[in-house]
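*Asks:* Dropping a structure here in structure tokens format, bear with me for questions.
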Amino acid sequence: MQGKNLTIIIPVFNESKTIQNLLNNIKAAELINGIGKEVIIVNDHSTDDTNKAIQDYISGNNDLKIICYDQVKNLGKGAAIRKGLELASGDFILVQDADLEYDPAEYNLLLQPVVNGFADVVYGSRFIGGYPHRILFFWHSLGNKILTLLSNIFTGLSLTDMETCYKLFKAEVLRQITLREDRFGFEPEVTAKISKIPGLRIYEVGISYYGRSYYEGKKIGWKDGFRTIWCILKYNLWSG
């Protein structure tokens, strides 16, 4: 794996308080087998000081490869991920939220099955393993499990956490599919579409989860849950 690179796509909207800490955590993460890091930040038309925080960090950290792209208007997480994929040059691709709920120190947990030759895609599950998991909302947790179950019914997979942010892909896997969702529908859409690729090897590993409350800035809501149900049905039954 010497000479290989991991592209970390970070969709960002109004995360001026966390983005620099996240980038420090990414910079500190030492990847196995000499794998390098490429960071692509897609600023989804933030209205706070996110852009300034990003530019200040870039100017003081030239040793970390960071590409920043500013969306001309707020288009949503899925649209930001698609833009990140256009700019990505890595051999492996991972999506990273900017809110510190997920820990870059655990990138190697996701990389290991790929490096060892077992996996093409690895999901980081918040619901397996012995890692820290902040206790927040019963209904949110139950909703995640119901959405994962519904997704599994249609995809035939046995995932425990379809909605996880941490999904690592070999780059060639994502080149085989066309993504369309603009907001949080990315998760069920990409899961449905990779499930249809013959011979694809999908793994899960346990990860930590340092969740935020809505008071602390969590953005996803109940309306996104209904959109997820629609996306599960749409991309498994009617749309390629």
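The values are calculated or read from the model by the stated rules, or taken from the named source; none is laboratory data. Everything numeric in this text was worked out from a predicted model, so none of it was measured. Because the Cβ atoms are built from the backbone with ideal geometry, glycine has one as well, and the counts that use them run over all protein chains shown.
*Asks:* Within segment 162-178, how many residues turn out to be under 21 Å from Ile35 (Cα atoms), part of a loop (DSSP other than H, G, I, E, B) and over 14 Å from the mean Cα position of the chain (by Cα)?
*Replies:* Summing the residues that are under 21 Å from Ile35 (Cα atoms), part of a loop (DSSP other than H, G, I, E, B) and over 14 Å from the mean Cα position of the chain (by Cα) in segment 162-178 gives 1.
*Asks:* In addition: Quick one: what pairs do we get from segment 41-55, first residue without any contact (Cβ under 8 Å) to a residue 60 or more places away in the chain, second among the hydrophobic types (A, V, I, L, M, F, W, C) and assigned to a loop (DSSP other than H, G, I, E, B), C-beta under 6 Å, 6+ apart or different chains?
*Replies:* Going by the 6 Å Cβ cut-off, the qualifying pairs are Asp44/Phe13; Ser46/Phe13.
*Asks:* Could you list, in sequence order, the residues of segment 55-78 that are within 19 Å of the chain's Cα centre (by Cα), within 18 Å of Ala88 (Cα to Cα) and either aliphatic (A, V, I, L, M) or in a helix (DSSP H, G or I) (or both)?
*Replies:* Passing the criteria: Ile66, Ile67, Lys77, Gly78.
*Asks:* Among the candidates Asp120, Asp161, which residue alone is farther than 21 Å from Lys77 by Cβ and touching a Phe, Trp or Tyr at 6+ places or on another chain (Cβ under 9 Å)? So that I can check it myself, show each step before the final result.
*Replies:* Numbers: Asp161 fails: farther than 21 Å from Lys77 by Cβ.
Checking each option against the conditions leaves just Asp120.
*Asks:* Restricting to segment 181-200, name every residue that is in contact (Cβ under 8 Å) with a residue 24 or more places away in the chain and over 23 Å from Lys145 (Cα atoms).
*Replies:* Ile197, Leu200
*Asks:* Exactly one of (1) over 20 Å from Glu181 (Cβ atoms); (2) in contact with a Gly (Cβ under 8 Å, 6 or more places away or on another chain); (3) at pLDDT 95 or above is unmet by Ile9. Its number?
*Replies:* Condition (1) is where Ile9 drops out.
*Asks:* Additional query: Based on this model, can you work out whether Glu181 counts as assigned to a helix (DSSP H, G or I) and closer than 12 Å to Tyr235 by Cα? Even if it seems obvious, please write down each step before you answer.
*Replies:* Numbers: assigned to a helix (DSSP H, G or I): no; closer than 12 Å to Tyr235 by Cα: yes.
It is false that Glu181 is assigned to a helix (DSSP H, G or I) and closer than 12 Å to Tyr235 by Cα.
*Asks:* Does any residue in segment 166-179 that is farther than 23 Å from Tyr102 by Cβ come within less than 7 Å, Cβ to Cβ, of a residue that is assigned to a loop (DSSP other than H, G, I, E, B) and modelled with pLDDT of 95 or more six or more places away or on a different chain, and which pairs are these?
*Replies:* From segment 166-179, the pairs are Gln176/Ile197.
*Asks:* Six or more apart or on different chains, Cβ under 6 Å: which pairs go from a residue in segment 131-149 that's farther than 14 Å from Asp224 by Cα and of a type outside the set (S, T, N, Q) to one that's in a loop (DSSP other than H, G, I, E, B) and modelled with pLDDT under 85? Could you list them?
*Replies:* Pairs found: Arg134/Gly211; Leu136/Gly211.
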